[in-house]
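Peer 1: Take this structure first; my questions come after.
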Amino acid sequence: MKHDMFSLCSILAVCAFVLYLIIRCITLQQRVVEGMATGPKSGTAAAKPGTASSNLATAITQLQDELLVSKYQGDYENAILSMEEYVTLLMLKELNTIDLQGGSSNSLNGVQNLGILQSSLGALNTMMAYVEKQSG
């Protein structure tokens, strides 16, 4: 009797959860469709392209005040160089994990991971160039 009651409660809970998920999906779909039909809301940056430049300038100033790149330039350079070494070591580690036998999905994932890490090195180079440019 207790087992039947527990099973019934479990089934009802699962059904309620599935119903909740279905309702959430339908609601989300309606919002997406309405958003495509009405366009962006007024007051957003997309509705006022003329304010995008001033909004970006404000955001840049806030980040500059927060990060103080010129003050901590050496610290940023050391952190970037350390991260570059770390990413390079991760690339070497990933190289050792690639399965070279017959083009398995593991080998493809390993090559993709190497590409992601290589992109990270490019981002680090971009950051280093920016930090060096801040010195004057």
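The values are calculated or read from the model by the stated rules, or taken from the named source; none is laboratory data. Note that this is a predicted model, so its numbers are computed, not measured. Positions of Cβ are backbone-derived with ideal geometry, glycine not excepted, and every protein chain shown enters the neighbour counts.
Per-residue answers, yes or no, for (1) over 25 Å from the mean Cα position of the chain (by Cα); (2) surrounded by 13 or more Cβ atoms within 10 Å (Cβ to Cβ):
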| site | (1), (2) |
| --- | --- |
| ALA52 | no, no |
| ASP65 | no, no |
| GLY74 | yes, no |
| ILE80 | no, yes |
| LEU89 | no, no |
| GLN101 | yes, no |
| LEU108 | no, no |
| LEU121 | no, yes |
| LYS133 | yes, no |
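Peer 1: Something else now. Could you check segment 77-136 and list, in sequence order, the residues that are acidic (Asp, Glu), in a helix (DSSP H, G or I) and without any contact (Cβ under 8 Å) to a residue 40 or more places away in the chain?
Peer 2: GLU85, GLU94
Peer 1: Further question on the same structure: Just one of THR61, THR38, THR44 is within 24 Å of the chain's Cα centre (by Cα) and at pLDDT below 70; which is it? Before you say what the answer is, go through the steps one by one.
Peer 2: Working: THR61 fails: at pLDDT below 70; THR38 fails: within 24 Å of the chain's Cα centre (by Cα).
Just a single option satisfies the conditions, and that option is THR44.
Peer 1: Residue check: is GLU84 of a type in the set (D, E, K, R), surrounded by 13 or more Cβ atoms within 10 Å (Cβ to Cβ), within 23 Å of the chain's Cα centre (by Cα) and at negative phi?
Peer 2: yes
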